[in-house]
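Asker: Sharing a structure below in structure tokens format, with a few things to ask.
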Amino acid sequence: MPTHTRPIPVLSFFSGAGFLDIGFLKTRRFYIPWHNECHAPFAAAYKHGVPLVVRNTDGSRVSNPKKIENLKHAQKVMQEAFDGNRPSMFGVIGGPPCPDFSRAGKNAGGNGQNGKLTSTFVNMILGLRPDFFLIENVPGLLETKKHRVFLFRMLKKLGEHYAIDLQILDALEYGVPQTRRRVFVVGICEERIRRRDHADIFGKTDKIMDIDVSESRSSREVENDLKHLHWFCWPEPKYPGLATDYAKGAKACPKELSVGACFAKINGHPNAGDMFQAHSMKFCAVKEGDVSRKSFKRLHRRRYSPNAAYGNNEVHLHPTKPRRISVAEALALQGVPPLYSFPAEMTLTDKFKAISNGVPVPLAESIAKSLAQFINKEVKKTKWRK
């Protein structure tokens, strides 16, 4: 069976500081000829940091700095990315802003200022008609009833052209020293899937569309329906079964996933001195491993970190020192390679915000590898009909 030996171009939206892109680039099975980031400090971080990790990569420019809602039409993006010549195969990846779907956010959903960008992204995908796509977001998009209705409305639109699968993955199980659950949606153009005799592949797409997602049904009921439908070869976790509840872990934390081991790898990092200064006695009073409160969560050296979602200067406390963790330490908790760094002129607020928004690199790389393997095995090389 022929395989796709040349790297496949991928267009990256909501690129941020480049963590998701690094995961794809590290596989050497994909390259990114075009990426979009409208927040100038994040674009500068991408330009500075990505080439440090992935050599021979043109991470020196943001292809388009406009907001996605101002990109006008997909043809303009195709012209910028490929000079108007559609390649034999390409994909689209991106994680639209998630605060409106987060349980800790405003819960405004698809009607919120950020939530609307998910609809815009879906429309852009349908306009570009890539051969495959990946969408990342917070689990609240699936687990909260009203958000789930919105999600499935988007999936129904995409399902007219794509076989769709979705899964909630925890970065902790993929070698990241942090419990961080995210929902991922993968779509493959139906005309490109090789084994069309596998009726259950396309049947499962239809079944996803047919699942009752009314607000009368619980999150667990919907998840029980979905867990039997997966056809995409999602990556196998390296550490399956680790508890996602930081305080009540059912299994001991492997040393390589502990905060202590994580921080030991970052000596001499350019961002090691970047941290918010302590101005409260709480920095001395909170015991190691106490993450019971909403703020002033102190990490433990022999455990993994809770979700690294930082905002309003609220950053986890160092396990043993009376301070918040540094930018270098926060990058390490996201599994970002030690060679990566932020430019010195970037503000602390933007640095921590970029870290919070990013997809953990080992998880991104695992998904990218699975996607590449699936393409080699199941996807035709010939162009699909528009």
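Asker: Distance between the C-alpha centers of the stretch 334-367 and the stretch 118-149? Whole Å please.
Answerer: Going from one Cα centre to the other spans 23 Å.
Asker: Separate question: Please compute the net charge surrounding Lys66, taking Lys and Arg as +1 and Asp and Glu as -1 over other residues with Cβ under 12 Å from its Cβ.
Answerer: Summing Lys/Arg as +1 and Asp/Glu as -1 gives 0.
Asker: Still on this structure, I have one more. What dipole magnitude, in Debye to the nearest 20, does the chain give about its Cα centre under +1 on Lys/Arg Cβ and -1 on Asp/Glu Cβ?
Answerer: My answer is approximately 320 debye.
Asker: Please report, as a whole percent, how much of the solvent-accessible surface of the chain comes from carbon and sulfur atoms (probe radius 1.4 Å).
Answerer: Its accessible area is 49 percent carbon and sulfur atoms.
Asker: Right, next: Relative to the longest principal axis of the chain, what angle (0 to 90°, nearest 10) does the C-alpha long axis of helix 145-158 take?
Answerer: Approximately 40 degrees, to the nearest 10.
Asker: Report, to the nearest 10°, how far helix 116-128 tilts away from the longest principal axis of the Cα atoms in the chain, using its own Cα long axis and a range of 0 to 90°.
Answerer: So the inclination is approximately 40 degrees.
Asker: Please identify the longest segment of the chain free of exposed GluC sites (Glu not before Pro), where exposed means a DSSP state other than H, G, I, E or B and no more than 10 other Cβ atoms within 10 Å.
Answerer: Free of exposed loop sites, the longest segment is 1-159.
Asker: Would you pull out the residues with amide H under 5 Å of Ile32's amide H, same chain only if 5 or more places away, H placed 1.01 Å from N?
Answerer: Val10
Asker: Report the convex hull volume per residue for the stretch 15-167, counting only C-alpha atoms, in Å³.
Answerer: Taking only Cα atoms, the stretch 15-167 has a hull volume of 122 Å³ per residue.
Asker: In deg cm²/dmol and to the nearest 500, what is the mean residue ellipticity at 222 nm of the chain if only DSSP H runs of at least 4 residues count, each as -39500 (n - 2.57), divided by the residue total? Working shown, then result.
Answerer: Details: 13 runs with 126 residues, N = 386.
Mean residue ellipticity at 222 nm (helix-derived): -9500 deg cm²/dmol.
Asker: Rounded to the nearest 10 degrees, what's the angle between the helix 361-378 long axis and the longest principal axis of the chain, both from Cα atoms, 0 to 90?
Answerer: Relative to the chain, helix 361-378 is tipped by roughly 20 degrees.
Asker: Can you give the three extents of the C-alpha atoms in the chain along their principal axes, from longest to shortest, in whole Å?
Answerer: Ordered largest first, the chain gives principal extents of 64, 47, 41 Å.
Asker: Same structure, new question: I'd like the Karplus ³J(HN,Hα) series for the stretch 11-17: coefficients 6.51, -1.76, 1.60, θ = phi - 60°, whole numbers in Hz, and an x wherever there's a Gly or Pro.
Answerer: Working through the residues one at a time gives 8, 10, 10, 6, 5, x, 8 Hz.
Asker: Take the cross-link list Lys67/Lys282; Lys227/Lys294; Lys116/Lys351; Lys76/Lys157 and give me the ones stretching past 29 Å between alpha-carbons.
Answerer: Result: Lys67/Lys282; Lys227/Lys294 exceed 29 Å.
Asker: Under the 0.36 nm per residue contour assumption, what length would be gained going from the current alpha-carbon distance of Lys287 and Lys156 to full extension?
Answerer: Additional length available on full extension: 42.3 nm.
The values are calculated or read from the model by the stated rules, or taken from the named source; none is laboratory data. Worth saying up front: this structure is predicted, and the values here are computed from it rather than measured. Glycine also receives a Cβ, built like all others from the backbone with ideal geometry; neighbour counts cover every protein chain displayed. What goes into the accessible areas is simple: the full protein's heavy atoms, side chains included, and nothing from ligands, DNA or RNA. Shrake-Rupley method; radii C 1.70, N 1.55, O 1.52, S 1.80 Å.
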